[in-house]
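First up is the structure itself, then whatever we jot down about it.
Coordinate-derived values only; no laboratory data. Remember, it's a predicted structure, so these values are computed and weren't measured experimentally. In this analysis, Cβ positions are derived from the backbone assuming ideal geometry, glycine residues included, and neighbour counts consider all displayed protein chains.
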Amino acid sequence: MKAFFKLKNIWAFWGHINLTLVIIALMVVDLVAGYHPLKHYPELFAPINDMGFLVWCKTYGFNYLDQTLWLFILVGLLALLSINTFVCTTQRMGRLIKHRRSFPSQFQFVLRLSPHIMHYSMLVMFCGYLISYLGAGTHMGKVLLPGKSISLSSPACTITLKSLDIDYYQGERMPHMERRAINARAFLEIDDGERQKSAVLGYNSPVYFAPISIHLKDFAPETKGGMSRNKYIHVIIKNDPGKYYYSSGMLFFTLGLFMYLWEKRIKTLNTKHTENKNKNYRPGRIGHGQESGQ
Amino acid sequence: MHLSFMAAAFCYIISLALMIGSRRRASAFFMGLGCSLNLLSLGVRYYGFFPMLPLYQGAYLIPCLVGACCIKPILASSGHPIHPLMVSSLALTALFFPNDYYLPVLQFKTPFAHAFVFFGVVGKAMFFMAGTWAFLALIRSARQSRERSWQTSETGDETESIVKSQLVASISTSENLKKMGNAVILGFFFWTLSIFSGAVWSYLGWGSPVVWDDPLMTTTMAVWLYFTLFLHLHLIPTLYKPFPRAMFALVGSALVFVGTLMPELGMLRWPGGLS
């Protein structure tokens, strides 16, 4: 029994709103403090995406602790916030479900769940980031020449650049943009022995070949004419198992956000309706809602 | 294009002067004119430099959005010179600290890139509006308490007319707080959409939802967390009172200015040198 109460107290402590207040306040201070190192030493942080968080910690992270400490503190606070959010929202959700019959309609009850949808979505997002930074594989510095292939070992596949089309600016309004590239399309063929895929790669238009995604980082030549340069593309190849989690987290968080706004709207309309009703109320005037009982 | 923005800033200042002189309609007219000129300057800027895209346009668009939100209160009784003052200050900041930085359209070839910029600017504008309402709530509640202490000391007790005037003042304060709360909710909504759009853009372009070489990422997240906390204040009874809430929103809009708007500003330059 004693152990049960102890557990209950621990559960209550982790779900307390004052803990949220302290954690978020510390996170705000920590993030503001992180602005300076990130602005003046971006080269220390840029490799996180390429090498993953653990390898980054062992190299840049621990070796430049003066500049990276804020990030370690942030990760710790994020972990605390995740526990706090989970416990707090689970407690409140339990209470809401218990009192669901007191809501005027089922719909309003569902809308009332919106903050909890956002909280759980945020946790799914955090999980996605965690998986991504601990388990994602990145192939950096892969350069493809037209007609040439590169092979990947994990997952085993071959990527061939069939051709590269570049559009150059031809308008007259911007003389300094003349002959500069404004669009690039790389025609790729990917083969893993069982599957074959032909796709067009462009800026912000990656090619997916499960489980990898290929992103265009750079290409050449970016200007037409002048010094003749070979055509090539520089790609980032990612194998990120966390993307499904953080993208679905974002989607559900957005849904929760819309539901929250909807709930607020209904509340505002109800308040206005009550205020109007009170304004129209005149004691002794029969025929108005309250007196006639309509 | 810079001239149209200068004209817009001039209209905002006229609107402020008219508001101080209690000429609400004329003030609203100049505010509307200023917003139109401001929008025109942005349109011209985008058109004139395409296929280069002007980054850091937030400082130019924010006065327009805040100004558009201020027209209704200026016309109604809830308006105060603080509204055009806020818009004028923001416009003058953009005018004296211009940051005309242009990037090729190549890396913006997705609607998410534009959504990131636009939603972020709307979010900032809403947080500034929240700051304005918070400031109004604070000065009205301060005036209310000052009047109350003065009247009580004069008459010795609270007569019916004093109670009535205090009731009107407290209603006005609560109206301001309500508007402040709504502005924060809208700001949080757009700020979140901006962060998510930025994450999707970053993923499409670089294969990761976080770009680790942009220091603004930290202050953007700090602002988001700060207003997350604001939206949780109703769960903390000691802080869910008019004064702490208004102070919280006011500090929040200062954080938005210092953390996310100031880094996007350029060096001090005299506006005449722009045209």
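Computed values, structure above
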{"read-out": "Dimensions (Å) - the range A:92-238, Cα atoms, principal axes, largest first", "value": "75, 48, 25"}
{"read-out": "Distant alpha-carbon pairs in the range A:46-120 (separation over 21 angstrom), percent", "value": "51 percent"}
{"read-out": "Loop-exposed chymotrypsin sites (Phe, Trp or Tyr not before Pro) per DSSP, neighbour cap 15 Cβ within 10 angstrom, longest uninterrupted part of chain A", "value": "A:65-280"}
{"read-out": "GNM top mover of A:259, A:177, A:250 - chain A, alpha-carbon springs below 10 Å", "value": "A:177"}
{"read-out": "Compactness relative to 2.2 N^0.38 Å, alpha carbon Rg of chain A", "value": "1.48"}
{"read-out": "q = 0.31 Å⁻¹: log10 I(q)/I(0) that the Debye formula gives for the range B:31-85, counting C-alpha atoms only", "value": "-1.19"}
{"read-out": "Distant-in-sequence amide H partners of residue A:136 (H built 1.01 Å from N, under 5 Å)", "value": "none"}
{"read-out": "Fully extended contour minus Cα-Cα distance, from residue A:86 to residue A:178, at 0.36 nm per residue", "value": "27.6 nm"}
{"read-out": "Qualifying trypsin sites (Lys or Arg not before Pro) in the range B:1-36, DSSP loop, other Cβ atoms within 10 Å at most 13", "value": "none"}
{"read-out": "Distance between modelled label sites at residue A:199 and residue A:262, nm, 7 Å Cα→Cβ extension", "value": "3.3 nm"}
{"read-out": "Crossing angle, helix B:160-206 versus chain B [Cα axis fit, 0-90 degrees, rounded to tens]", "value": "10 degrees"}
{"read-out": "Simple spin-label estimate for residue A:43 and residue B:76 in nanometres, 7 Å along Cα-Cβ", "value": "5.6 nm"}
{"read-out": "Environment charge at residue A:221 (Cβ cut-off 12 Å; Lys +1, Arg +1, Asp -1, Glu -1)", "value": "+3"}
{"read-out": "When each of A:2/B:241; A:217/A:264; A:58/A:243; A:162/B:109; A:58/A:238; A:148/B:109 is checked by Cα-Cα distance, pairs over 31 Å", "value": "A:2/B:241; A:217/A:264"}
{"read-out": "Convex hull per residue volume in Å³, alpha carbons only, for the protein assembly as shown", "value": "248 Å³"}
{"read-out": "Label-zone membership for the range B:65-90, site residue B:22, 7 angstrom Cα→C-beta point, backbone N under 19 Å", "value": "B:73-85"}
{"read-out": "Using θ = phi - 60° and Karplus 6.51 cos²θ - 1.76 cosθ + 1.60, couplings along the range B:223-229 (whole Hz; Gly, Pro as x)", "value": "5, 4, 5, 4, 7, 4, 5"}
{"read-out": "Nearest 10 degrees, 0 to 90: helix B:82-96 Cα axis against chain B principal axis", "value": "30 degrees"}
{"read-out": "Rounded Å value of the spacing that divides the Cα centres of the range B:1-45 and the range A:78-129", "value": "45 Å"}
{"read-out": "Charge context of residue A:210, other residues only, Cβ under 15 angstrom, K/R +1, D/E -1", "value": "0"}
{"read-out": "Among A:185, A:173, A:112: highest mean-square fluctuation, GNM of chain A, C-alpha pairs under 10 Å", "value": "A:173"}
{"read-out": "Inter-probe distance in nm under a simple model that places probes 7 Å from Cα toward Cβ, at residue B:241 and residue A:103", "value": "3.3 nm"}
{"read-out": "Calculated diffusion of the range B:179-275, Stokes-Einstein form, Kirkwood radius summed over Cα pairs, 10 °C and 1.306 mPa s, µm²/s", "value": "103 µm²/s"}
{"read-out": "GNM top mover of A:193, A:52, A:135 - chain A, alpha-carbon springs below 10 Å", "value": "A:193"}
{"read-out": "Cα gyration tensor shape of the range A:106-176, rounded if a/c is under 1.5, else prolate or oblate by comparing a/b with b/c", "value": "oblate"}
{"read-out": "In order through the range A:36-52: 3J(HN,Hα) via Karplus (6.51 cos²θ - 1.76 cosθ + 1.60), integer Hz, x for Gly, Pro", "value": "4, x, 5, 6, 8, 10, x, 5, 7, 9, 4, x, 4, 5, 7, 9, x"}
{"read-out": "Anisotropy class of the range A:170-282 from Cα gyration tensor, a/c 1.5 cut", "value": "oblate"}
{"read-out": "Percent breakdown of C-alpha pair distances by 5 Å bin, ordered from the shortest bin, for the range B:1-99", "value": "3, 16, 27, 23, 14, 9, 5, 2, 1, 0"}
{"read-out": "C-alpha long axis of helix A:2-14 to longest principal axis of chain A, angle in °", "value": "70 degrees"}
{"read-out": "Rounded Å value of the spacing that divides the Cα centres of the range A:201-261 and the range A:140-155", "value": "17 Å"}
{"read-out": "Part-to-part distance (alpha-carbon centres) for the range B:213-275 and the range A:30-50, which is given in Å", "value": "20 Å"}
{"read-out": "Cα gyration tensor category, rounded, prolate or oblate, for chain B with a/c compared to 1.5", "value": "oblate"}
